[in-house]
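Report on the structure given below.
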Amino acid sequence: MEFITDLISENNKLPVKTITNFKNLLSFQNVKKKHVLAKAGETPSEFYILKKGVVRSYFLDKKGREVIQSLTVGGASTGAFSGLILDKPSRIYYDCLTDCEFYVGDFKAFKKLTLKDINISLLYTKVLEDAFIKKEKRIYELSMLDATDRYLKIRKDLPNIEKQIPQYQIASFLNITPVQLSRIRKDLLMKRVRK
């Protein structure tokens, strides 16, 4: 669990006892591609710290198409946080797009620990702040960037994503069709060739 120690100590100076208490909440899981972490309509109970792999959150639109809301890669937390926080069924699905390695924790046990240890409470606040900033950034990008800029941004932010997941899933995340993504990629390639 050195990964967890490094991850939570990266921006936080935490006492050894706090780190130990947090790590005691976690168990390690190795899962295969397509493993489901949370289903829409079901109340989640666990949060995940992704060590390796790619996880998506998505919902189904009115036509039954999958719309990817987020992509999470190693070193970040994931799970149906709205459902966990509200103790209500999730509106969103979470599943693995690749084989993944996780640390899994019981959310209610974690919340109890936040009441006993101020450092865990502060860590939780930091995680929530980071989640808020990521959501705001995602909304901004979808609203303000054109499709080409969104594609260039994902290539910069997640440089290996095109080797890990299919193009149609990248298109869904970018809120465009696979045909549009194909055109964007072709246009960018042509511009590079002309240079």
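Which FRET efficiency, nearest 0.05, do Phe3 and Lys63 yield, Cβ-Cβ r, R0 41 Å?
0.55
Using only the alpha carbon atoms of region 25-108, find the Kirkwood hydrodynamic radius as the inverse mean reciprocal pair distance, in angstroms to one decimal.
Taking every pair of different Cα atoms in region 25-108, averaging 1/r and inverting gives 12.7 Å.
How do 95-101, 82-88 rank on mean C-beta neighbours within 10 Å, highest first?
Per-residue mean Cβ counts within 10 Å order the peptides as 95-101, 82-88.
Taking only DSSP H segments of four or more residues, each worth -39500 (n - 2.57), what value at 222 nm results for the chain once the sum is divided by all its residues, to the nearest 500 deg cm²/dmol?
-15500 deg cm²/dmol
Can you give the FRET efficiency to the nearest 0.05 for Tyr124 and Met190, using r as the Cβ-Cβ distance and R₀ = 45 Å?
Rounded to the nearest 0.05, the efficiency is 0.40.
Determine, for each peptide in 56-67, 120-131, the mean count of other beta carbons within 10 angstrom over its residues, then list the peptides with the highest first.
120-131, 56-67
Could you list the residues of region 29-63 with an amide nitrogen less than 17 Å from a label point located 7 Å from the Cα of Asp87 in the Cα-to-C-beta direction?
Label zone hits: 42-47.
Assuming 0.36 nm per residue, please report the length gained on full extension of the stretch Ala147 to Phe28 beyond their Cα-Cα distance.
That works out to 39.1 nm of additional length.
In units of 2.2 N^0.38 Å, what is the alpha-carbon radius of gyration of region 12-52?
Normalised by 2.2 N^0.38 Å, the Cα Rg of region 12-52 equals 1.54.
What fraction of the Cα pairs in the chain, stated in percent, has a spacing above 29 angstrom?
Value for the chain: 29 percent of Cα pairs lie more than 29 Å apart.
Show me the ranking of peptides 134-140, 164-170 by mean Cβ neighbours inside 10 Å, starting with the highest.
By packing density, highest mean first, the sequence is 164-170, 134-140.
Where in the chain are the DSSP H helices whose alpha-carbon span along the long axis reaches 18 Å or more and whose Kyte-Doolittle mean is at least -0.5?
In the chain, the long hydrophobic H runs are 118-144.
How much accessible area per residue does region 1-74 have, counting only protein heavy atoms and a probe of 1.4 Å, in square angstrom?
61 Å²
How large a share of the accessible area of the chain, in percent, is made up of carbon and sulfur atoms when the probe is 1.4 Å and the other protein chains stay in place?
So the carbon and sulfur contribution to the accessible surface is 54 percent.
Can you list the residues, at least 5 places off or on another chain, whose amide H is less than 5 Å from the amide H of Lys33, using H built in the peptide plane?
Amide H neighbours of Lys33, under 5 Å, 5+ apart: Asp99, Cys100.
The values are calculated or read from the model by the stated rules, or taken from the named source; none is laboratory data. Bear in mind the structure is a predicted one, so any value in this text is a computation, not a measurement. Note that each Cβ is placed from the backbone with ideal geometry, even for glycine, and that neighbours are counted across all protein chains shown. These accessible areas exclude ligands, DNA and RNA; they are computed on the full protein's heavy atoms, side chains included. Shrake-Rupley method; radii C 1.70, N 1.55, O 1.52, S 1.80 Å.
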